[in-house]
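The values are calculated or read from the model by the stated rules, or taken from the named source; none is laboratory data. Since the model is a prediction, treat every value here as computed from it, not as a measurement. Neighbour counts are summed over all protein chains in view; Cβ atoms, including those assigned to glycine, are modelled from backbone coordinates with ideal geometry.
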Amino acid sequence: MENNLVDRDFEENRLQQTISIAQEQLSAARLRSQKKEAAIISLKQEMLEETSYSISNLWSMENFHQLVELSQHANPVSHKVSEYEMEINKILLLEKMINSPYFARIDFKFDDTNAVRKVYIGLSSLKDNQTREMYVYDWRSPIASVFYRFGTGKAFFEAPAGKIKGEVNLKRQYEIRKGKLEYFFDADVQIIDEFLRQLLSQNASPKMKTIVETIQKDQDIIIRDMETDLMMVQGSAGSGKTSVALHRAAYLMYQGLSARLSYDDIIVVSPNTLFERYIANVLPELGEKNVKSIIFEEILRMILQTEHVQTRNQFFEGLLSSNDKKYGNLLKRSMQFKGSSQFVEILKRFINDLPNRWIEFSDIYYDGKHIASRQLLKTKLLKGNKASLLSSRLEQLEDNILELIHERRKQRMEKLRIHVLEQTAHTFEVEEVARMLSIHESITLIKKIRKFTRLDHFELYRKLFSNKNYFYSLAKGMELPNGIEDIIDFTCENLKKDYLSYDDALALVFLQLKTKRYNDYKGIKQVVIDEAQDYYPLHFEILNSLFPQSQYTVLGDINQTIGKQEDLSLYDQLNKILDKPKSTLVTLDKSFRCTNEILIYSTKFLDPGFKLNSFSRNGDTPAVSAAQNKSDLDNLLITECMTCKERNYQSIGLICKTEQDAISLYERIKDKIDIRLIMNDVGINLSGVFIIPVYMSKGLEFDAVLICDADGDHYNSEDDKKLLYIACTRALHRLNLFYTGEISPLL
Amino acid sequence: MIFQNVAKILAEIIDIDDEDITLETELTNEFGIKAVDVAKLVIECEKKFKITIQDEDVHNFRCVNDIVEYIERIQADW
């Protein structure tokens, strides 16, 4: 690592020079924009004074020449306005550059001239207008691509003139914030993970460099792969899995930009809105546009067209905070069953059976004539093209019936006119009244027809669960779980409520997607899903229906599940469901984000035999502290927060098992310390002290973590072990656990 | 253009100023529009725009905008 003084001096000087140039250009740009603004104002003034026409007059032929004169003035104005906008953009860009002008450098030796050029790479380019020297190259420019595509050694790039060949002598990365060079390091591989970068800058040994580069290479394989249709990543806590997910999305966008795809082609499925904000903060780094990010619930609400859907967090809260063991167990089993491949199969069979058994056709009469019979309608539907969706076939049926009605309309109208004439003396109103009657009867008729041509998915779903024998008949050949009857009864009760349970909502969405066309996401080509272990087969079936043509990147950690247990077969399952031509499973098992001590402590909560691969930095050993009572506990927590602040930790997380617990703790200590309670939608920059329930903290990291309720009442089961694992691995540098009453048997 | 024409027709039927009609004007009793007025509106629109409005579609016409869009859709299909 050439972090020696000579290099340092050189780089510092270079940085200052670059910033001065940017500042010069910024002042000039500000001046120009002021002038342009003034110019626009005066132009507009001129236009007003010299062309005082009322706009509406301008569109007649006689005033055409006046219109032309007006446009002579209008054109310069709109021209000036767009110039002005360009200046503003330039100003914003320059301001960003002064903060952090570049992040990398390569030294490229051109084959044909043997000249070596130092190429500094940043978010946009910066040229010295006098010397014409390129101080910073835009990361998207051809020569900059060498940084991303090659290590040291032979390289090339595509320029308008052709392929330019050469050699990379140096690859250096910089951490520059607020115009200050914090650190830099040389690495063959681009190190994008901030932690890895810090590691390298702190520990310069060749061994560390090798490890870091290996980790980065492992990550790069995932991030840059464009061939695999289904990329699955099992990443243990602290392996930078989430960072990989984000960078992959950014990379795909970068690739998309070069292939002229729009950023609309990529979608990231986040576990919660906190995560989404996290993404929004990281990705704009890469450019002007954001990648589309969505939580699964949004998909549900959109397709069901209702807001009254239980969110997954609400489901977790219900599951984790329930005092009634039996009820909690029922919730869990219901979710597990409805999410399973078994249930998916039952739903598929149900859908196939709908035309046979659950669609009630009726005879249709019009103008006294029997124009469609139940039997024939049903036969027609059954005979129809099975490849097309049920709703489409029903629509076709409806159109057919309407055609028959329209053919007879004229005759019908005649009859109605005669009827009206007989009834009323007002002959001049006959047409209107007859028409009114026709409209009225047509409306009644179409409602009758739509009773069987439009599917009421909710009603159908309810019927499925109200007929136990039918339900069991659909499950023929499958082994249903114990207690299935309870689950069925439970579902029937839930369907009476004014909101949909999370698991029923999923099932309904599946029913809809399998019977009706849904086009909104047709163009999506790349899907990135994080925390895949929290999803069930049903989730993946839904995703497969929504994004059939996409390539997928699925990241997860089987050890960080909530309310269920998973093993590696999870990936086999989702591989089967998504059914892509080329799929691969990559493992990220080197943990480096948390300290060694925190990682070692966390493995207590995993199944024995789990190999931990940590070579991270050292830190404090996690400690467990007992409190006599609630107020003692509060004091301990507050003291610990103070300690953390003294140690300069930016983000401190107090983790509770449930939202209920989080709220009551917050109420108790909010007046004693500056603290924020994280509920669903809070503006996040994660700097400060926060209280958060475990299930909301997934994928997030805090400098220091306090687990506030590590007692036997809260944490005692197998599922709870996983929660502790999740909670502990949210800590980067410091972890402490606190409890009142009996210590948890799991500790 | 379609809206202006529809508004004119409707205004004449219920005897109000066509300036008082907007896209949001609802075709219900509250606005003094009776079922037979809707029928008249349908008949006149068919004449004016030279189209056929299917009777069963009329129950979708909640406000003036619905008719305007309906007519636009038919014309777009030509």
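Is it the case that the range A:715-724 has a residue that's in contact with a strand residue (DSSP E or B) (Cβ under 6 Å, 6 or more places away or on another chain), modelled with pLDDT of 90 or more, closer than 19 Å to A:Leu320 by Cα and among the hydrophobic types (A, V, I, L, M, F, W, C)?
No, that holds for no residue.
Looking only at residues that are within 18 Å of B:Val38 (Cβ to Cβ) and of a type in the set (S, T, N, Q) in the range A:425-445, which one is farthest from the other protein chains (Cβ to nearest Cβ)?
Checked the range A:425-445; the qualifying residue farthest from the other protein chains (Cβ to nearest Cβ) is A:Thr444.
So which residues in the range A:536-589 are touching a residue at least 60 places away in the same chain (Cβ under 8 Å) and of a type in the set (D, E, K, R), if there are any at all?
Passing the criteria: A:Glu541, A:Asp557, A:Lys564, A:Lys580, A:Lys582, A:Asp589.
Is it fair to say A:Ile121 is surrounded by 15 or more Cβ atoms within 10 Å (Cβ to Cβ), hydrophobic (A, V, I, L, M, F, W, C) and part of a loop (DSSP other than H, G, I, E, B)?
It is false that A:Ile121 is surrounded by 15 or more Cβ atoms within 10 Å (Cβ to Cβ), hydrophobic (A, V, I, L, M, F, W, C) and part of a loop (DSSP other than H, G, I, E, B).
For B:Glu24, which of the numbered conditions (1) touching a strand residue (DSSP E or B) at 6+ places or on another chain (Cβ under 6 Å); (2) farther than 13 Å from B:Val68 by Cβ fails to hold?
Among (1) touching a strand residue (DSSP E or B) at 6+ places or on another chain (Cβ under 6 Å); (2) farther than 13 Å from B:Val68 by Cβ, the lone unmet condition for B:Glu24 is (2).
Being assigned to a helix (DSSP H, G or I) and either within 14 Å of chain B (Cβ to nearest Cβ) or at positive phi (or both) is the requirement here; does A:Lys448 meet it?
Spelling it out, A:Lys448 is indeed assigned to a helix (DSSP H, G or I) and either within 14 Å of chain B (Cβ to nearest Cβ) or at positive phi (or both).
For every residue, the table says whether it meets (1) in contact with a Phe, Trp or Tyr (Cβ under 8 Å, 6 or more places away or on another chain); (2) within 14 Å of another protein chain (Cβ to nearest Cβ).
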{"site": "B:Glu26", "(1), (2)": "no, no"}
{"site": "B:Lys34", "(1), (2)": "no, yes"}
{"site": "B:Glu46", "(1), (2)": "no, yes"}
{"site": "B:Ile53", "(1), (2)": "yes, yes"}
{"site": "B:Asn60", "(1), (2)": "yes, yes"}
{"site": "B:Asp77", "(1), (2)": "no, no"}
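Could you grab me the full set of residues in the range B:19-41 that are surrounded by 14 or more Cβ atoms within 10 Å (Cβ to Cβ) and at pLDDT below 85?
B:Phe31
Go through the range A:537-635 and tell me which strands (runs of 3 or more DSSP E), entirely inside it, have 1 or more residues that are surrounded by 19 or more Cβ atoms within 10 Å (Cβ to Cβ).
Qualifying strands (runs of 3 or more DSSP E): A:551-556, A:583-588.
Any residue in the range A:402-413 that is within 11 Å of another protein chain (Cβ to nearest Cβ) and in contact (Cβ under 8 Å) with a residue 24 or more places away in the chain sitting within a Cβ distance under 6 Å of a residue that is charged (D, E, K, R) and not in a helix (DSSP H, G or I)? List the pairs, counting only those 6 or more apart or interchain.
Cβ pairs passing all conditions: A:Arg412/A:Asp367.
Would you point out which residue out of A:Leu464, A:Leu455 is more than 14 Å from chain B (Cβ to nearest Cβ), out of contact with any strand residue (DSSP E or B) (no Cβ under 8 Å at 6 or more places or on another chain) and outside any helix (DSSP H, G or I)?
Exactly one of A:Leu464, A:Leu455 is more than 14 Å from chain B (Cβ to nearest Cβ), out of contact with any strand residue (DSSP E or B) (no Cβ under 8 Å at 6 or more places or on another chain) and outside any helix (DSSP H, G or I), namely A:Leu455.
Only residues that are of a type outside the set (D, E, K, R) and either exposed (fewer than 15 other Cβ atoms within 10 Å of the Cβ) or in a loop (DSSP other than H, G, I, E, B) (or both): list them for the range A:473-510, please.
Residues satisfying the conditions are A:Ser473, A:Ala475, A:Gly477, A:Met478, A:Leu480, A:Pro481, A:Asn482, A:Gly483, A:Cys492, A:Leu495, A:Tyr499, A:Ser501.
If the Cβ limit is 7 Å and pairs must be 6+ apart or interchain, which residue in the range B:8-36 that is of a type in the set (D, E, K, R) pairs with which residue that is at pLDDT 85 or above and not in a loop (DSSP other than H, G, I, E, B)?
Close Cβ pairs (under 7 Å, with a partner that is at pLDDT 85 or above and not in a loop (DSSP other than H, G, I, E, B)) amount to B:Asp17/B:Ala11; B:Asp18/B:Ala7; B:Asp18/B:Lys8; B:Asp18/B:Ala11; B:Glu24/B:Cys63; B:Glu24/B:Asn65; B:Glu26/B:Cys63.
What tally of residues in the range A:72-115 results from selecting those that are at pLDDT below 75 and over 41 Å from the mean Cα position of the chain (by Cα)?
Of the residues in the range A:72-115, 6 are at pLDDT below 75 and over 41 Å from the mean Cα position of the chain (by Cα).
Suppose we filter the range A:392-444 for residues that are under 24 Å from A:Ser373 (Cα atoms) and hydroxyl-bearing (Ser, Thr, Tyr); how many remain?
Going through the range A:392-444 one residue at a time, the tally reaches 4.
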